[in-house]
4 protein chains.
Amino acid sequence: MNDQAPKDPDFEARVRASFASQGLMVTLGATLVRVFPGLVEILLPASRAVSQQHGFVHAGALASIADSAAGYAALSLMPPGAGVLTAEFKINLMAPGIGELMMARGRVIKAGRTLTLAQTDVFAVHEGREKQIALLTATLMAVEGRDGVSD
Amino acid sequence: MNDQAPKDPDFEARVRASFASQGLMVTLGATLVRVFPGLVEILLPASRAVSQQHGFVHAGALASIADSAAGYAALSLMPPGAGVLTAEFKINLMAPGIGELMMARGRVIKAGRTLTLAQTDVFAVHEGREKQIALLTATLMAVEGRDGVSD
Amino acid sequence: MNDQAPKDPDFEARVRASFASQGLMVTLGATLVRVFPGLVEILLPASRAVSQQHGFVHAGALASIADSAAGYAALSLMPPGAGVLTAEFKINLMAPGIGELMMARGRVIKAGRTLTLAQTDVFAVHEGREKQIALLTATLMAVEGRDGVSD
Amino acid sequence: MNDQAPKDPDFEARVRASFASQGLMVTLGATLVRVFPGLVEILLPASRAVSQQHGFVHAGALASIADSAAGYAALSLMPPGAGVLTAEFKINLMAPGIGELMMARGRVIKAGRTLTLAQTDVFAVHEGREKQIALLTATLMAVEGRDGVSD
């Protein structure tokens, strides 16, 4: 849809360093897997620690990794120095978060100068079978020249 | 907008017990404060453990408490035996999550037989001042007679 | 929530002139009623011309007046010369659009330099009774210095 | 993602008859093009009659055809007798609606018993080039046994 050439040759290192500084991802036990221009994958092992009341993975935990995947897919295409903030996202939960592992794959749909639209598909891996359980669409905002906001 | 008489006289105990079983809320350090018919408040102390890369509270952490607040506002009006699942939510982030404490206040806009619409306002308390930083709208689904899904 | 002082003393005339140039509003038969700083109301008479297949007012027609109401609420607070574009909106339909008249009341939740968050409540008036039937939240973007985009 | 076998062999005739009874589509000048199981396309010629204030196609008009495309993609997979209602949708506008023709392609992501998730891509055709300008995700509800609600 758009040419997804990274404006920053060091995009992968930059995304990985920024992800490592997200305290929430550490707290949830999420890990960053693949980082391509405009596409980022995050894994979350299912456990009691990220559950809702029925033992499924909490919609908030799914939204957290899906939002980070969308945000880093967007950041991977931004010029050096820009920071990324989420303006909004919507998540549809298609099936309960049941399985051993949750996987969020975020990709850029449209990278604009100020706003980027990204979409994340969330999958549950249960007994070796992968099933899509959620779909997130997000508007990410590039922020430049603001104290404390880079990457 | 709608008469918000609880169909379950024990709604508060039921909401509190269900919240206590949400592993994610424990992991994040969130606590349930007020539980009224159709209105629920959840607090989240800000810390490195729930941060994104700039040190603000992560949008996913805000979404997590906002989703739980919306879900429990919905559950507080459901008949005994019904369970609540989130079908979808959207969150708009109006300002960065900066402050000592985040507070999510969820309330039911329309309670239907199958679907409930709820809205959560999220506030940051910073140096004694409260500021709205996010707005979530959610569709909650009442589930009855499904194994493992109650409250 | 925010001080909603208009930056343009002529905000009402500007909103009314812009509304009059929205061909879609003419086609639907919608009219602009009240224009206050940060709050705008639009009316739509129900008819076969704006219906869906069951005879209710089409979600798209409700979304159209709700989006315009949100957009003009946002524009009413923007400085002279700025144009407004919708970046995204979500609408929850709470009840079918049944009645003689639909009314959309849009108001600004947070006016930012680039992005404004607005919310529109949509009501159906049926046999003299008003009932909320939809809720829209929208992100509006202020555009300056772009050819053909003002007001 | 899901097996999209139609439960109603007459799905196409049913979708076409229902579309023909949507007064709004007639008013806007929209036409139904392709109807496949789980996939529906709607065309809208751009004109002053569906414009916003800058002369672009109004976000509400884009949302109207995108919502109908999502709804009919959902209906195409529903059993005979069921009616479809939109519970909610979100639309992200990626670029202004500039061009001769707008095209909405709706497809089912997950068909459930009660709720169906569908997504619509909206394209503008301008001087022979097709460009995606909007992305809608919708929750559709199957309604059975309710007076006046079928198809």
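Structure values in brief
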read-out: Residues within the range B:32-50 that are within 14 Å of chain A (Cβ to nearest Cβ) and either part of a helix (DSSP H, G or I) or open to solvent by 40 Å² or more (accessible area, probe 1.4 Å) (or both), tallied; value: 5
read-out: Filter result for the condition that a residue is within 29 Å of C:Leu115 (Cα to Cα) and facing another protein chain (nearest Cβ under 7 Å), over A:Ala63, A:Ala17; value: A:Ala63
read-out: When residues of the range B:12-31 are limited to those that are open to solvent by 30 Å² or more (accessible area, probe 1.4 Å) and of a type outside the set (Gly, Ala, Ser), the one farthest from A:Leu62 (Cα to Cα); value: B:Glu12
read-out: Residue in the range D:54-75 that is surrounded by fewer than 24 Cβ atoms within 10 Å (Cβ to Cβ) and among the aliphatic types (A, V, I, L, M) present; value: no
read-out: The lone exception for C:His54 - which of (1) within 13 Å of another protein chain (Cβ to nearest Cβ); (2) assigned to a strand (DSSP E or B) it fails; value: (2)
read-out: Boolean, A:Ile91 is over 21 Å from B:His54 (Cβ atoms), within 10 Å of chain B (Cβ to nearest Cβ), touching a residue at least 40 places away in the same chain (Cβ under 8 Å) and surrounded by 23 or more Cβ atoms within 10 Å (Cβ to Cβ); value: yes
read-out: Pick from the range B:101-133, criterion polar (S, T, N, Q) and within 10 Å of chain C (Cβ to nearest Cβ), ranking: surrounded by the most Cβ atoms within 10 Å (Cβ to Cβ); value: B:Thr116
read-out: From the options B:Ala74, B:Ala87, B:Ala95, residue that is small (Gly, Ala, Ser), within 18 Å of B:Asp121 (Cβ to Cβ) and within 15 Å of the chain's Cα centre (by Cα); value: B:Ala74
read-out: Odd one out for D:Ser150 among (1) open to solvent by 30 Å² or more (accessible area, probe 1.4 Å); (2) under 15 Å from A:Asn92 (Cα atoms); (3) within 10 Å of chain C (Cβ to nearest Cβ); value: (2)
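The values are calculated or read from the model by the stated rules, or taken from the named source; none is laboratory data. Remember, it's a predicted structure, so these values are computed and weren't measured experimentally. Positions of Cβ are backbone-derived with ideal geometry, glycine not excepted, and every protein chain shown enters the neighbour counts. Ligands, DNA and RNA are excluded from the accessible area calculation, which covers all protein heavy atoms including side chains. Shrake-Rupley method; radii C 1.70, N 1.55, O 1.52, S 1.80 Å.
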